[in-house]
Amino acid sequence: MFVRLAEEQDFNGFLGLAAQVECWFGPMVEDRGFHDAVRKHIRRSTAIVAVSSGSDLLGGLLFTAKAPTHHVHWLVVTEQSRGKGVGRALMTAAMRRFVPGSGSVEVVTFGADHPGACVSGARAFYERLGFTPAEAVDPGPDGGSRQVFRLAVA
């Protein structure tokens, strides 16, 4: 596995990743807004992918690097690649590339009562990376609870 900046030819791979998580995040594969967001991040070099030796996308991340508060907008790892260090590799690359100094990194993920919190392991994943649960935010497109997780960077 290697991690690199996403390129335009990775767009369909992002749609493949999105298809695996639409049950939690709502429709994305056919959503023009999602398409535009992915393409914008690719153009701005703020999209990162983890790729297998066979060039299949194992995961993808969309990031906004605006100090002092940076944002993980979307991080998805294929179901078969979860628990194998792909998400950690994506986050490590994003932190190295986009967070040069002090500030914080925020991500909105499932609330503690959301079924996706356990199934996806997202909350536990971010906690293992040092993020702490913070304030609740508006429900997601599925109506389920969402919460900010925050990491202070020195």
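The values are calculated or read from the model by the stated rules, or taken from the named source; none is laboratory data. Please read all numbers here as calculations on a predicted model, not as lab measurements. Here the Cβ is made from the backbone with ideal geometry for all residues, glycine too, and neighbour counts use every protein chain on show. Remember, those area values only see protein heavy atoms, side chains included, never the ligands or the DNA or RNA. Shrake-Rupley method; radii C 1.70, N 1.55, O 1.52, S 1.80 Å.
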Top-ranked residue in the stretch 128-139 [being among the hydrophobic types (A, V, I, L, M, F, W, C) and within 22 Å of GLY26 (Cα to Cα); ranked as most open to solvent (accessible area, probe 1.4 Å)]: ALA136
Residues located in the stretch 23-37, provided they are part of a helix (DSSP H, G or I), open to solvent by 60 Å² or more (accessible area, probe 1.4 Å) and not acidic (Asp, Glu): CYS23, PHE25, ARG32
In the stretch 103-127, residue farthest from the chain's Cα centre (by Cα) [restricted to those that are over 16 Å from TRP24 (Cα atoms) and surrounded by 12 or more Cβ atoms within 10 Å (Cβ to Cβ)]: GLY103
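Which of the residues that make up the stretch 140-154 are in contact (Cβ under 8 Å) with a residue 12 or more places away in the chain and open to solvent by 40 Å² or more (accessible area, probe 1.4 Å)?
Across the stretch 140-154, the qualifying residues are PRO141, ASP142, ARG150, ALA152, ALA154.
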Sole residue being under 20 Å from PHE2 (Cβ atoms) and either in contact (Cβ under 8 Å) with a residue 40 or more places away in the chain or not aromatic (Phe, Trp, Tyr) (or both), chosen from GLY83, GLY121: GLY83
Output for the stretch 75-103, where each listed residue is of a type in the set (A, V, I, L, M, F, W, C) and farther than 22 Å from GLY13 by Cα: MET95, PHE98, VAL99
Test: residue in the stretch 45-62 that is open to solvent by 60 Å² or more (accessible area, probe 1.4 Å) and of a type in the set (Gly, Ala, Ser): yes
